[in-house]
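Okay, so here's the structure we're looking at.
The values are calculated or read from the model by the stated rules, or taken from the named source; none is laboratory data. A quick note: this is a predicted structure, and the numbers were derived from the prediction, not measured. Here Cβ is always computed from backbone atoms with ideal geometry, including for glycine, and neighbour counts include all displayed protein chains. The accessibility values were calculated without ligands, DNA or RNA, using every heavy atom of the protein model including side chains. Shrake-Rupley method; radii C 1.70, N 1.55, O 1.52, S 1.80 Å.
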Amino acid sequence: MLTACPLLLFLMWVRVSCSAPLSFRIAAILDDPMECSRGERLAITLAKDSINRSTNRSTTGKLEVDIFELLRDSEYETGETMCQIVSKGVVAVLGPSASPASNSIISNICGEKEVPYVRVAPEDILKVQFPRFTTLNLRPPNTHISLAVAGLLSFFNSSTACLICAKAECLLNLERLLRQFLISKETLSVRMLDDSQDPTPLLKEIRDDKTATIIVDANATMSHIILERASELGMLSVYYTYIFTSLEFSLLRLDDVADRRVNIVGFSIFNRTHPFFQDFLLSLNRSWQENCDHAPFAGAPLSSALLYDAVHAVVSAVRQLNRSQSVGATQLSCKSSKIWEHGTSLMNYLRMVELEGLTGHIEFNSKGQRSNYALRIMQNSREGLRQIGQWHSEQGLSMERKLPSLNVTDSLFNTTLIITTILENPYVMLRQNHQELEGNDRYEGFCVDMLKELAAILKFKYRIRLVADGVYGVPGANGTWTGMVGELISRKADLAVAGLTITAEREKVIDFSKPFMTLGISIMYRVHLGRRPGYFSFLDPFSPGVWLFMLLAYLAVSCVLFLVARLTPYEWCTPHPCLKGRCNLLINQYSLGNSFWFPVGGFMQQGSTIAPRALSTRCVSGVWISLIIPFTLPSHRGWRCPSANDLSGQNQHGGSTMTFFQNSRYQTYQRMWNFMHSKQPSVFVKSTEEGIARVLNSNYAYLLESTMNEYYRQRNCNLTQIGGLLDTKGYGIGMPVGSVYRDEFDLAILKLQEDNRLEILKRKWWDGGKCPKEEDHRAKGLGMENIGGIFVVLVCGLLVAILMAVLEFVWMLRQSPGTEVSVCEEMLRELQGIVLCQDSLQLRRRRGAGPQRPRPLPLRGGGAASLSNGKLCGGLGVVPEPLVQRLAQEAGLAVRGCSHVRICPECRRFQGLRPRPPAGGRASPTPSDDSIEWEKASNSSEPE
């Protein structure tokens, strides 16, 4: 009995040892075996240690992993390595991660020996029509990557995209994506990196093509280089979207090159919620710190995580298979046709594996491809990479967060915007000491101050950069734009802040904010410069020659009028209308003095009490009036400003003003454009300063915005504006199409307008010139330096009149008989009467006679009477004595202010009297003494 017990225990140990293998072996071929590399060796070691420490180790035995190094991608060396592997007896082979030729050899040998082969490398370039049953692809297939990229393009509404390929095989890898573009109306341009591996030329072409969505198919290293070059070209901005097809998107160091505003999207297959994921990262980082100078990657490489999951997948399948049958490895030889008897069974269990690994859910379909997994869509942010959605192999794309972020103000916070502008007074100017300054401090002006106000509201930073070609922007023949508009289209700048006019043509290619200034096209012309004003400036309307001819014409008209009036009988009339037909005296109102006085009244437009009666004198008067009419019309008094209809205007080349005239349908503006376009030499200018110089130095009218016109007129008094505005438009801030900052800047500009900040800035930079405003020009009167000569002429005329009055007084006294009183005494007496305001009625003075009152004068023979104007009226016996006495009495009463006496106005103009011949043709043979005295008195009288 005692001898039977040891025998029984021995049999039980043999049975257990046969049913539970002591160990099983897995072979791993690595093409990057260095310690300071992708960490694939460490990943396999971590997976082996984790499995061997598990509690159910008794069901599988100890795991052994043999690692074989593949120094180069050679089919011969790979074949020899595989022969060594199968001779050791392994349950599975894990292939290299980056050796396409070796993968093909490994797959064929494993297929012949029916040993499972788990691939972690990308798909082969040339697909095998009948893939080996023993091969499993743990890496997601390229078809799924293409579908995920197509889903993102659809989500971003990108009808135009560009694909950058680091290698030629990307066209085969993304075949499904290319096919989708071929059957749709969308456009996909493909650009391949050359042998120099410099992406700069490709990125410049993409920028010039205005492509905003860029798909990059490259590894992590090349993807980082592409981002660096894009940053140098200013293509890392909010206007671009980058989609990386590499599943190692998390390895990109975006903090070094990428602005947080740019939309950079990629895929990740890592399951960060896995219990061992953080320990896996710590182990990799610890290994890199011990063996490397610096960490070669920013995170876990995909190949190391796939190898970790591959080990667990094989062990899980072996455990499932071991429950039904004992799995034992068989040593095979490449020279024999023997296969592994458990290979097919293990492959079937591998296709049924379902587990959660570092790369997410692991499951295979009947073709050995990975299925029922999710690609996490990652986007860069201030906090690092964040998941914004996922693409599931069965359910497709599902986004969790809309792109771009709705909180634009937060994205503007502390963000540096590139501002393109142009030097134009007073919008952007260089400071006087700009050479001593740097950055934005070198500039000043209205737009610079407005940028400071906007930056204070929206909390952003900016960097001002002058446009390279120095123009605002016009379309070229090939559809490209120049100037600031071209830089916005190519995304070289984020904003264009200058006097940039909002036009329909520009609105098609860029976006504008709300206008911050309203203006229109105006005409600038030089002020008409005459001679320096003096005391006799009122004579300037006519040249000295014209004034001389006017004087000669005045003398000629006066003499001809005197001659014609004497010749025509119709200018001789009865002195008193009441005595018409009974008085034989006739008068002629055109004495020599009146003949010279009548043209003066007509020239001064004041008229005269003398009216021509005869047709001949009226003809002379009409000719004189028709002569002086052209000299009194306002349009012929000086210089007349031209209007838009008179000008063939000129304007700045390459601006909105030129576009306005070019596209205008108004006939006048079309005529102006035709003239400007065909004029040789060209009338267009390249800058406002050049246009102003031509205005001042030649007969040139410059068409420009009213705000610029106002600014330069304030600083140059020789410039003026002609007419009003030809149109109405506004200045706005330019942005690339689809800018997410447009609404924020619109609100900020409205706030500045409501707070009156823009008006304050305008007054700051426009006011302060040395020239008065237009209103001041109109309100300012003429000074003494302009019309002082009029007062000189007035004083001289008064002195001449006083001198003539003295001479007339002396002459009258000399002609009067008697010498009792001297001339001085008579003049003193007259001055005394003037000072004392004595009665102005008196008889004809004789020397030595005292003051007398007018009295009726007897008429002997002919009769004579003193009238109310102080003159004598006489006849030759025709007028009855009572009538003569009554006329004298009426005259005396009228002078004394009797209101009941009616005096005929004709009696106040008795001049040049001559006696009418008596009826029957008989005249008095000899005139009486009274008639002789009357003739002397009447001939010496002056006109009133």
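So if each residue of separation counts as 0.36 nm, and I subtract the Cα-Cα distance between LEU282 and LYS508, what length gain in nm does that give?
Taking 0.36 nm per residue and subtracting the Cα distance, the gain is 76.0 nm.
Could you tell me the calculated FRET efficiency between MET604 and PHE542, based on Cβ-Cβ distance and R0 = 22 angstrom, to the nearest 0.05?
For MET604 and PHE542, the calculated efficiency is 0.90.
With the whole protein complex present, TRP481 retains an accessible surface near 40 Å², based on a 1.4 Å probe. LYS48 contributes about 50 Å² of solvent-accessible surface, heavy atoms of the protein only, 1.4 Å probe.
Set the bar at 31 Å for Cα to Cα. Now go through LYS452/LYS686; LYS113/LYS167; LYS492/LYS729; LYS459/LYS762; LYS514/LYS764; LYS185/LYS461 and name every pair that lies beyond it. Pairs exceeding the cut-off: LYS113/LYS167; LYS185/LYS461.
Accessible-area rank, largest first, for TYR462, TYR242: TYR462, TYR242, with all protein chains present and a 1.4 angstrom probe. Taking label points 7 Å from Cα along the Cα-to-Cβ direction, SER54 and THR221 give a separation of 3.6 nm.
Relative to the current alpha-carbon distance between SER326 and GLU228, full extension at 0.36 nm per residue lengthens the span by 29.6 nm. In this structure the amide hydrogen of VAL216, modeled in the peptide plane, comes within under 5 Å of the amide hydrogens of ILE164, ILE243, PHE244, THR245, none closer than 5 places in sequence on its chain.
Rounded to the nearest 5, what % of the DSSP beta bridges within the stretch 180-300 are antiparallel ones? Around 10 percent of the beta bridges assigned by DSSP in the stretch 180-300 are antiparallel ones.
For the pair LYS367 and ALA101, the difference between a 0.36 nm per residue extended length and the Cα-Cα distance amounts to 93.6 nm. Measuring r between the beta carbons of ILE760 and ALA468 and using R0 = 51 Å, the FRET efficiency lands at 0.95. Projecting label points 7 angstrom from Cα along Cα→Cβ for HIS392 and LYS62 puts them 4.4 nm apart. Cα gyration tensor of the stretch 180-329, axes a ≥ b ≥ c as square roots of the eigenvalues: rounded (a/c below 1.5), prolate (a/b > b/c) or oblate? Judged from the Cα gyration tensor, the stretch 180-329 comes out prolate (a/c at least 1.5, a/b above b/c).
Could you order THR720, THR45 by accessible surface area, starting with the largest, using a probe radius of 1.4 Å?
Ranked from most to least accessible, the order is THR45, THR720.
Of the whole protein surface, PHE809 contributes about 40 Å² of accessible area at a 1.4 Å probe radius. With a ≥ b ≥ c the root eigenvalues of the C-alpha gyration tensor of the stretch 285-399, is it rounded (a/c under 1.5), prolate (a/b larger than b/c) or oblate? Judged from the Cα gyration tensor, the stretch 285-399 comes out oblate (a/c at least 1.5, b/c at or above a/b).
With R₀ set to 60 Å, the beta-carbon distance separating ILE802 from GLU689 gives a calculated FRET efficiency near 0.50.
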